[in-house]
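Novice: Okay, handing you the structure first.
The values are calculated or read from the model by the stated rules, or taken from the named source; none is laboratory data. None of these values were measured; they are calculated from a predicted model. Backbone-built Cβ (ideal geometry, glycine too); neighbour counts: all protein chains shown. Surface accessibility is based on the protein's heavy atoms, side chains included, excluding ligands, DNA and RNA. Shrake-Rupley method; radii C 1.70, N 1.55, O 1.52, S 1.80 Å.
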Amino acid sequence: MDESVQLVGNETETERKRKSVAQIDYKQEEIKRQKHMKTVAVLGEEDASVKLLEDLVFGAEDDLVERLAEERGNEGSTLLDDEESSDSDEENESRLRLPPVKKAVWEDEDDQAEEEVDMTHRFRRDLTKGSAEAKMSKQKLQLRMKEQFQKAMGGAPSWAETKVKKKSRRKADDDDDEDEKEDDDDDLLRKTGNFVGSSESLPKGIIRMKKCLHANNARPSDGQLTTVQFHPSAQVVMTAGMDRSISLFQVDGKSNPKIQSIHLERFPVHKARFSVDGEQVVATSFRNKLFYLYDMMEGKVVPVHSVRGLNEQRVKEFEVSPDGDSLLLTGTSGYLHVLTLKTKEVVRSMKINGEVSGVAYSHDGSKVFASSEEGEVYVWDSRSSRCLGRFTDEGCIRGTSMTASPNGHYLACGSQSGVVNIYSQEACLRETNPKPLKAVMNLVNSATSLCFNPTSEILAIASRFDNEAVRLVHLPSYTVFSNFPLFHRKTLYHAHSLAFSPHSGFFSLANNKGYAPLFRLLHYKNF
C-alpha cells in the first residue's frame with residue numbers, strides 16, 4: 001500500500017518535471033519565433049543604405065544630396081545615420097562630397113614654368129588683339145579661347161551649367177514654374193529643332209546667319225548689279241544691273257532657280273522696284289527720263305517716254321509711296337516730283353536748297369524726309385506738299401543717303417565721311433535741332449546705301465567704294481554685329497544695293513561683280 005502510494009507520488013513528481021521542461025522549451029521556441037518574425041520584417045523593408053547605393057549607381061545624385069541636406073537640417077540626421085553606427089557628423093557629410101582630387105605623386109619644376117605659344121601661326125592669328133601678342137602663355141590662350149567661344153555663343157550656354165546650379169535655380173521658383181520647366185526639359189529631349197532662336201527680340205552682339213548660294217547664281221549679271229529687292233508677298237527676289245536686264249529668282253537658299261529674265265534694249269538699269277502689290281516693276285536708267293513699267297501678270301513691258309508736268313532731262317532716283325499710288329521722283333536743282341501711276345503725270349512738286357541726296361517716306365506715307373548734299377534734312381507733308389520743318393544733320397558736310405524705319409521710330413542719314421546718324425522721327429518732327437540717338441562710325445568711305453529690316457531691329461549700311469564695306473547695326477542697342485562680315489576672303493565686294501525679305505528671313509546685296517550674295521538670318525523663322 002505504501003509502495004503503491006509512493007509509486008503514484010513518484011510518477012506525479014516525474015510528470016511535473018516533464019511539464020516544467022516542456023514549458024521552458026515552449027518559451028524558448030516563442031522567443032525564437034519572435035526573433036524570426038522581426039528578421040523577416042527587417043528583410044522585407046528597403047534598407048536606407050541600399051537605397052542610397054542604388055541612387056548613387058543609377059543616378060539622381062543631385063536629388064539625393066538635396067534630400068539628405070534637407071533632412072539633416074530638419075531632423076538632425078540623414079539616411080546614413082544609424083543608431084548602431086559610431087560615425088561622426090563629419091564622416092557622414094564626407095560621404096556626400098565628391099571624391100577628393102588626388103594630388104600628383106611627382107611634380108616637375110619645368111611643368112610649373114609658363115610655356116609660351118607662338119601666336120603668329122595662321123591657325124591662331126584670329127585669337128590675337130594686336131601685334132604685341134606675338135606670344136602668349138597657355139593659361140592666357142585658354143582664357144582667350146573661352147572668351148571667344150562665349151562671345152560666339154552669346155554668353156555661357158545653358159548646357160554648360162552644372163546640375164546643382166540648375167536645381168537651385170528651379171528650387172527658387174514656384175512649384176508651377178518648376179513643373180513647366182520640367183515639361184520643357186522633357187520636350188527638349190523628345191525632339192530636335194532650332195531652340196536657340198526662339199526668343200522674340202533679336203539679341204545683340206552676334207547675329208546667327210548662314211551663307212547661302214548667290215540669289216542670282218542661276219544667271220549672274222555680265223556687269224555690276226545695281227538693284228536687289230525681295231518680292232513683297234512671294235518668295236522671289238529681283239536683280240537688275242548694267243547688263244540691261246531684270247531677272248526674277250525663286251528663293252530657297254539651295255539652288256535659287258531662275259523664274260524669268262527680261263532684256264531692255266539700250267537701257268542699263270540704275271534702279272528697279274516692285275510696286276506695293278508686287279504686280280509691277282518700275283525701272284529707271286542713267287541718261288534720260290524714260291522709265292519702264294513691267295507688268296508681271298500680263299508679261300508686258302510698257303515704256304513711259306514722257307510724263308506730263310515733268311521738266312527734267314533725266315530721272316534716276318525714285319521711291320514708291322507706301323500706298324502704292326504714286327512715285328516720288330528725284331529731279332535736279334533740289335526738286336522732288338510726285339507722279340501718279342494711274343495717269344502717269346506729275347501732280348505736285350517740292351523743292352529744297354541744293355541737290356537732293358536722299359529721300360524716304362514715313363511708314364504711313366504722310367511724311368516725306370529729304371536730305372540735301374549740304375547736310376540739311378527737310379520734313380514735308382506728302383499730301384499738301386508743305387514743309388513742316390528742317391534741321392542740320394549733325395557733323396555732316398555732305399549728305400549721301402537716307403532711309404526711315406518701317407515702325408516709324410528711326411530716321412538714318414548717311415554722309416560722305418561714312419558716318420551714319422540715327423535719329424528719332426518724333427524728335428525730328430518736334431525739335432528744330434534734334435540730336436542723333438547714335439552716330440555709327442564703322443564705315444571709312446561714303447555711306448551710299450541704307451536699309452532697315454521689316455521689324456526695324458537691323459539697320460544695314462554699306463559703301464559702294466570699298467570691298468566688304470557692309471555692316472549690320474542692332475537696334476535699339478545701336479551696336480554693330482561683330483560677326484558680319486566674318487569671311488576673310490572677299491565675297492561682298494562693292495555693295496550697290498541692300499535688301500531684306502518681307503519677314504527678315506533673308507538678307508542680300510548687289511555687288512559690282514554681278515552677284516547678289518544671299519544670307520539666311522536664322523533668328524527669323526519665315527521668309
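Novice: Run the dipole for the stretch 438-519 about the Cα centre, Lys and Arg Cβ at +1, Asp and Glu Cβ at -1, nothing else charged, and hand back the magnitude in debye, nearest 20. Can you show the working numbers first?
Specialist: Numbers: 6 positive and 3 negative charges, 34 e Å.
Dipole magnitude for the stretch 438-519 comes out near 160 debye.
Novice: Quick check for you: with a 1.4 Å probe and neighbouring chains kept, what is the accessible area per residue of the stretch 385-514, in Å²? Working shown, then result.
Specialist: Working: 5270 Å² over 130 residues.
Per residue, the stretch 385-514 has an accessible area of 41 Å².
Novice: Could I ask something else about it? Out of all Cα-Cα pairs in the stretch 376-427, roughly what percent, to the nearest whole number, are more than 15 Å apart? Walk me through the numbers on the way to the answer.
Specialist: Working: 654 of 1326 pairs.
Beyond 15 Å sits 49 percent of the P(r) for the stretch 376-427.
Novice: What is the sum of charges around Ala495, taking Lys and Arg as +1, Asp and Glu as -1, for the other residues whose C-beta is under 13 Å from the C-beta of Ala495? Kindly include the intermediate steps, with their values, before the conclusion.
Specialist: Values: positive: Arg464, Arg471, Lys490, Lys513; negative: Asp466, Glu468.
Taking every Cβ under 13 Å from that of Ala495, the sum is +2.
Novice: Taking a 23 Å limit on the Cα-Cα distance, which of the listed pairs Lys316/Lys344; Lys254/Lys316; Lys289/Lys513; Lys211/Lys513; Lys210/Lys438 fall beyond it?
Specialist: Values: Lys316/Lys344 16 Å; Lys254/Lys316 34 Å; Lys289/Lys513 27 Å; Lys211/Lys513 17 Å; Lys210/Lys438 28 Å.
Check vs 23 Å cut-off fails for Lys254/Lys316; Lys289/Lys513; Lys210/Lys438.
Novice: Based on the Cα coordinates of the stretch 323-405, what is the per residue volume of their convex hull in Å³?
Specialist: On the way: hull volume 7.1 nm³, N = 83.
Taking only Cα atoms, the stretch 323-405 has a hull volume of 85 Å³ per residue.
Novice: In whole percent, and with a 1.4 Å probe on the protein chains, what portion of the accessible area of the stretch 470-510 is carbon and sulfur? Please report the intermediate quantities before stating the final value.
Specialist: Details: 800 of 1460 Å².
Roughly 55 percent of what the probe reaches on the stretch 470-510 is carbon or sulfur.
Novice: Counting only other residues whose beta carbon sits under 12 Å from that of Pro434, what net charge do I get with K and R as +1, D and E as -1? Each step should come with its number before you reach the end.
Specialist: Details: positive: Arg390, Arg430, Lys435; negative: Asp393, Glu394, Glu426, Glu431.
So the surrounding residues net to -1.
Novice: Also, quick follow-up: Once both labels are modelled 7 Å past Cα along the beta-carbon direction, what's the Thr343-Arg383 spacing in nm?
Specialist: 1.9
Novice: Got a number for the accessible area of Lys316? Probe 1.4 Å, square angstrom, nearest 10.
Specialist: Around 60 Å² of this residue is reachable by solvent.
Novice: I've got another one for you. Equivalent ellipsoid semi-axes for the stretch 410-524, as square roots of 5 times the alpha carbon gyration tensor eigenvalues: give them largest first, rounded to whole Å.
Specialist: Details: eigenvalues 118, 55, 28 Å².
They are 24, 17, 12 Å, listed from largest to smallest.
Novice: Now for a separate question. Given the Cα-Cα distance of Asn467 and Lys140 and 0.36 nm per residue of separation, how much length would full extension add, in nm? Write out the running numbers ahead of the final one.
Specialist: On the way: separation 327, 0.36 × 327 = 117.72 nm, distance 3.37 nm.
Using 0.36 nm per residue and subtracting the Cα-Cα distance, I get 114.3 nm.
Novice: Next question, about the same structure. Just list whichever of Lys258/Lys300; Lys300/Lys351; Lys129/Lys490 have alpha carbons separated by over 28 Å in the model shown. Show your work: numbers first, answer last.
Specialist: On the way: Lys258/Lys300 19 Å; Lys300/Lys351 34 Å; Lys129/Lys490 22 Å.
Where the Cα-Cα span goes over 28 Å, the pairs concerned are Lys300/Lys351.
Novice: What dipole magnitude, in Debye to the nearest 20, does the stretch 297-366 give about its Cα centre under +1 on Lys/Arg Cβ and -1 on Asp/Glu Cβ?
Specialist: Working: 8 positive and 9 negative charges, 59 e Å.
Using Cβ point charges on Lys, Arg, Asp and Glu, the stretch 297-366 gives about 280 debye.
Novice: Mind giving me the FRET efficiency for Arg124 and Asp222? R0 is 41 Å, r the Cβ-Cβ distance, nearest 0.05 is fine.
Specialist: Values: r = 42 Å, r/R0 = 1.02.
In this case the efficiency is close to 0.50.
Novice: Could you calculate the contour length gain from Val276 to Ser131, that is, 0.36 nm times the residue separation minus the distance between their Cα atoms, to one decimal place in nm?
Specialist: Values: separation 145, 0.36 × 145 = 52.20 nm, distance 5.19 nm.
Residue separation times 0.36 nm, minus the Cα-Cα distance, leaves 47.0 nm.
Novice: Nearest 0.05, what FRET efficiency do Ser233 and Lys435 give at R0 = 30 Å with Cβ-Cβ as r?
Specialist: Working: r = 38 Å, r/R0 = 1.28.
It comes out at approximately 0.20.
Novice: Quick one: net charge around Val419, please, counting Lys, Arg +1 and Asp, Glu -1 for every other residue with C-beta under 10 Å from its C-beta.
Specialist: Details: positive: none; negative: Asp393, Glu394.
Local charge sum for Val419: -2.
Novice: Largest first and in whole Å, what are the equivalent-ellipsoid semi-axes of the stretch 197-309 based on the Cα gyration tensor, each being the root of 5 times an eigenvalue? Mind showing how you got there, number by number?
Specialist: On the way: eigenvalues 173, 53, 41 Å².
Over the Cα atoms of the stretch 197-309, the ellipsoid semi-axes are 29, 16, 14 Å.
Novice: To the nearest 0.05, how large is the calculated FRET efficiency for Asp295 and Glu115 if R₀ is 56 Å and r is the Cβ-Cβ distance?
Specialist: Details: r = 71 Å, r/R0 = 1.27.
Between Asp295 and Glu115 the formula returns 0.20.
Novice: In addition: Can you pull the one-decimal nm distance between simple spin-label points at Asp325 and Glu147, each 7 Å off the Cα toward Cβ?
Specialist: Calculated label separation equals 5.8 nm.
Novice: Test of understanding: express the Cα radius of gyration of the stretch 474-527 as a ratio to 2.2 N^0.38 Å, with N the residue count.
Specialist: Values: Rg = 12.2 Å, N = 54, 2.2 N^0.38 = 10.0 Å.
So the Cα radius of gyration is 1.22 times the expected 2.2 N^0.38 Å.
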